[in-house]
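The next block holds one structure in the form of C-alpha cells; read it before the comments.
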Amino acid sequence: MSEQSNDTNTSSNSGGRAPRRILITGANKSLGRETARALIEAGHDVWIGARDPERGAAAAKDLGGRFVQIDVTDDASVAAAAETIAAAGGLDVLVNNAGILGSKSPVGETTPDDLREVYETNVFGVVRVTQAFVPVLAKSEAPVIVNVSSGMGSLGRTTDPERIESKIVGLPYTSSKSALNMITSQYAKAYPEMRINAVDPGYTATDFNAHSGPQSVEEGAEIIVRAAQFGPDDPTGAYLDREGTVPW
Ligand code: NAP
C-alpha cells in the first residue's frame, strides 16, 4: 500500500486534528464497542448507537460515550437518532458498523427471504442511516463515513484460493457486503467533499462468528478507527483493511 499507509496512521490518536463527533451503529458490543472505546480514548466525542436501550446505555456509561437508540432497519428510529444528534450540535463521522450474518444455508437451499433479511440490515440499513445523516454530516467541516464491509464481499478475495475468504460459500452475507462496497463507491462519487470508505476488519473473534476468528477486537477495529479519523487529504471511495487496499 502506498498512499493509505502513509496518510492514515492510527498511532497519533486524533492525528493532531480536532476532536470529532462520531456515531457508531451497533456499538453496544464487539467491533463497534471496541471502535467506540478506541475513539473515546483518542479524545473524540462518541455516540454509542444501539437498538437495545439497556445494552446501549450500559455500554455508553462504561465507555464514557453518549447513547442514542438506533435500529438501522427502522425508519422512525433512524430519523429520531438523526434529529437527536443534529439537535445536540451535529456530527462529523458516521460509522455504519451494525451488521448480521443471517442464514448459513447451502447455496442451493437459500431463498430470496434469506437474502432479504440480511440486506435489510447490511444494505438497506446503511442506505437508510446514510440518507438520514448526510444532511447532518454536510454541516461538518470534514465529514466522514466508514462502512464496515468484509473481505467476504470482495470478489478478488473470495475467488483467491490462497485466501480464507474463498473457503466459505454462501449467498446472503457475501453478496450483501459486495452490494455495500458498490454503494460505498457510489456515495463517494456523489459526495466528493466527504471521505466515504469501506473497510474490512478481518476475521475477528466476536459473537458474530461464535468467537472463531483469529484476530482480537483491537486488531479488527484498527482500520475502522483509522478510517473514522480520516481528514480531507485522506482517500475516499477506497476499500481498506489494516494492511492496505482490498481488491473489490
Ligand atoms: P456482532 O458481534 O454480531 O455485533 C453486531 C452489532 O450490530 C451488535 O451491536 C448488534 O446489536 C448490532 N446490530 C445488528 N442488527 C442491528 C440493527 N438492526 N440495528 C442496530 N444495530 C444492530 O458483530 P461484529 O463481529 O462486531 O461485526 C460488526 C461489523 O463488522 C458487521 O458489519 C460485520 O459484518 C463486520 N465484520 C465482522 C467480521 C468478524 O470477523 N467479526 C469480519 C468482517 C466484517 P445487538 O447486540 O442488539 O444484536
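What to note about this one:
- Cα-derived Rg over Rh, computed across the stretch 16-56 with Rh taken as Kirkwood radius: 1.00
- When only Cα pairs below 8 angstrom with a gap of at least 6 residues are kept, the stretch 21-245 shows a relative contact order of 19 percent.
- Largest first, the three principal axis extents of the alpha carbons in the stretch 21-245 are 48, 39, 31 Å in whole numbers.
- Across the alpha-carbon atoms of the stretch 64-125, the computed radius of gyration and Dmax are 15.3, 49 angstrom.
Values in this text are rule-based calculations from the coordinates and carry no lab data. Worth saying up front: this structure is predicted, and the values here are computed from it rather than measured.
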